[in-house]
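*Asks:* A single structure is presented below for examination.
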Amino acid sequence: MTSPPAALEPGARPGAVAWLLLTPLLAWLALFVVVPALLLFGCSLGERDEFGQVLWGFSLENYARLLDPVYLRIFLRSLGFAALTTALCLLIGYPVAYQIARAAPRVRELLLLLVMVPFWTSFLVRTYAWMAILREEGLLNALVAWLHPAWAPLGLLYTPAAVVTGLVYSYLPFLILPVYASVEKLDGALIEAAHDLGAGPWRVFPSVILPLTLPGIAAGVTLVFVPTVAMFAVTDLLGGARVPLIGNVIQNQFLQARDWPFGAALGVALLGLFLISQLLLRALRPHGVIRG
Amino acid sequence: MAAPRFPLLSPAAGPRLLAAGLRGWTALVLVFLYLPVLVLVVYSFNAARLGVGWEGFSGRWYAELLQQGPLQRAALNSLVVAGATTLLSVVLGTLGAWLLHRYRFPGRDLLESLVNLPMVMPEILLGISLLVLFALAGVGLGFTTVIIGHVTFSFPFVLVAVRARLQGLDPALEEAARDLGATPWGAFRHVILPALRPAILAGGLMAFLLSWDELIVTYFTASAASATLPLKVFGLAKVGLNPVLNALSALFLLVTLAGVAFSTYLRRAAR
């Protein structure tokens with residue numbers, strides 16, 4: 001096994017052995033990412049027979065069904081829930097990320113750890129914790145009954161508010177961590193310069209800090225928005241079946257209704273939405289850097 | 001605190017109030033993040049079945065956990081799946097990171113986007129598209145299908161972690177090894193690999209925790225016999241509250257804490 005010394009530099013062309021080693025990676029991605037995505041698309045063009053089997057074909061009927069107001073409403077509701085969750089996470093999380101980044105190194109490490117633990121805690125456990133708090137005989141209602149008996153019990157669980165609370169609770173660390181990374185890279189001299197030029201904190205934030213941390217915000221927003229649009233587990237647990245989101249409908253088409261082609265069409269629509277949001281973010285990202 | 005040297009509304013008061021506000025807000029958010037989970041842990045020791053009232057300290061629900069065969073079975077399944085996922089992800093991720101770092105070839109950028117895709121794509125899409133693939137290929141759902149799903153979204157995390165470490169590595173390291181007569185494999189095995197160990201361990205830990213917690217992809221790719229713990233817990237939680245689940249959640253938390261502690265230790269060791 002002798003290779004020319006040129007192969008040592010990063011940037012060399014792979015030889016036969018390297019190609020051989022690359023094969024598992026290529027095969028894995030082709031077989032389990034690319035091919036399934038294509039099959040999903042193919043499936044969305046088919047239809048189901050009366051036993052729930054997929055009949056492959058070529059019809060756009062499933063996509064026409066997507067335009068049914070029922071599904072359009074569900075799509076819009078999912079986007080609304082995800083947007084609300086993302087906005088709340090940003091409002092709640094940004095100051096926290098900022099505070100962590102400007103804390104003394106020791107405190108910073110501790111604070112980071114304190115955000116990491118919920119980040120790694122199973123979202124099922126965290127959602128379940130809210131079920132226990134919000135249910136009729138739960139802690140919050142006990143508190144309400146104690147403070148203001150006339151109001152108790154409040155129907156808290158299985159409401160849209162419960163779903164959004166659970167989603168914000170689950171995804172908050174996903175926003176804090178990337179924003180922190182971006183605030184931490186902030187050049188303090190720039191802020192000082194702005195202060196020296198007479199800008200107060202209310203002026204420095206929108207014109208210096210915010211644009212410079214835009215990459216972190218973009219990353220955080222993606223990490224929150226994308227999974228929440230398609231979430232079905234949190235909505236199932238905290239929303240009951242009362243507030244179906246697009247994830248619940250897809251899940252239902254695949255496992256209960258057994259209309260795979262329609263579920264696949266919903267999935268392809270979701271994939272399209274996801275790709276569009278990625279392209280938008282990519283288009284936005286360089287501006288944030290350039291403006292800084 | 002020393003007596004304020006400035007009246008409250010001095011020019012310095014604004015920033016100082018802001019700083020205090022930021023601190024207070026951060027504390028409040030941390031309470032918000034921890035309180036629900038802490039309540040859950042405390043109540044897992046409550047003798048009462050589901051009431052709000054405290055009826056005494058008891059380990060009853062933990063004891064009952066030991067009698068739940070299906071849950072234990074699911075926990076074992078989860079361990080098997082997470083173990084296999086970690087192993088495969090580490091191999092695939094490390095190899096991929098090394099090759100993507102070392103070589104330039106046509107389609108490399110496309111390949112990189114493809115690697116990133118499973119990390120950012122909504123999990124439900126991975127789940128349903130794999131389900132269609134397995135159905136079409138006539139592969140029955142079981143451990144293999146769950147592990148395939150898990151590896152697909154886990155190995156990119158290993159790859160990214162290892163790649164970041166590779167980029168910080170001095171290229172002269174490998175050169176020196178080769179000059180001293182090491183074969184390419186020898187240089188990789190004895191020079192590069194040890195330098196990558198912290199990143200590989202961190203990536204592997206991430207793969208393990210991701211797999212251990214995963215619900216959505218599993219939901220579409222598991223059979224009844226290969227159901228993992230999150231899948232079982234989800235099924236139980238959908239029906240309603242259950243004191244045994246409180247105890248189980250507390251144990252879950254313990255696993256997470258151990259994982260985070262281990263990863264912190266790894267990061268310290270890497271420095």
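No value in this document is a laboratory result; all are computed from the given coordinates. Treat the numbers as computed from the prediction; the structure is a model and nothing was measured.
*Asks:* If a helix is a whole DSSP H run, which ones in chain B reach 30 Å or further along their own axis (Cα) and hold a mean Kyte-Doolittle hydropathy of at least -1.0?
*Replies:* B:13-43, B:69-102, B:143-167, B:243-270
*Asks:* Can you list the equivalent-ellipsoid semi-axes of the protein assembly as shown, largest first and in whole Å, using the square root of 5 times each Cα gyration tensor eigenvalue?
*Replies:* The answer is 37, 35, 26 Å, longest axis first.
*Asks:* Restricting things to Cα coordinates, could you compute the convex hull volume per residue of the stretch A:68-291 in Å³?
*Replies:* Convex hull volume per residue, Cα atoms: 163 Å³.
*Asks:* On average over all directions, what projected area in square nanometres does the stretch A:59-107 have, based on the convex hull of its Cα atoms?
*Replies:* 5.4
*Asks:* Mind checking the log10 I(q)/I(0) for the stretch A:142-227 at q = 0.11, 0.13, 0.26 Å⁻¹? Debye, one equal scatterer per Cα, no solvent, two decimals.
*Replies:* The Debye formula, applied to the Cα set alone, gives -0.54, -0.64, -1.17.
*Asks:* Still on this structure, please answer the following. Percent of Cα-Cα pairs more than 18 Å apart in the stretch A:35-86, please.
*Replies:* Everything past 18 Å amounts to 51 percent.
*Asks:* Roughly speaking, what % of Cα-Cα pairs in the stretch B:119-271 are separated by over 20 Å, rounded to a whole number?
*Replies:* 62
*Asks:* While we're here: Along the three principal axes, how long is chain B when you take its alpha carbons, biggest first, rounded to the nearest angstrom?
*Replies:* Cα extents, longest axis first: 70, 68, 32 Å.
*Asks:* How big is the Rg/Rh ratio for the stretch B:179-262, C-alpha atoms only, Rh by Kirkwood, two decimals?
*Replies:* 1.23
*Asks:* Continuing with this model, one more query. What's log10 of I(q)/I(0) for the stretch A:1-137 at q = 0.11, 0.13, 0.15 Å⁻¹, Debye sum over Cα points only, no solvent?
*Replies:* Log-scaled intensity ratios, in q order: -0.97, -1.04, -1.04.
*Asks:* Same structure, new question: Report Rg/Rh for the stretch B:21-65, rounded to two decimals, where Rg is the Cα radius of gyration and Rh the Kirkwood radius.
*Replies:* Looking at the stretch B:21-65, the ratio lands at 1.20.
*Asks:* Hey, any idea what Rg/Rh is for the stretch A:147-186, computing Rh the Kirkwood way over Cα pairs?
*Replies:* Across the stretch A:147-186, the Cα-based Rg/Rh ratio is 1.32.
*Asks:* Hey, what's the Cα Rg ratio for the stretch B:120-163 versus the globular rule of thumb, 2.2 N^0.38 Å?
*Replies:* 1.29
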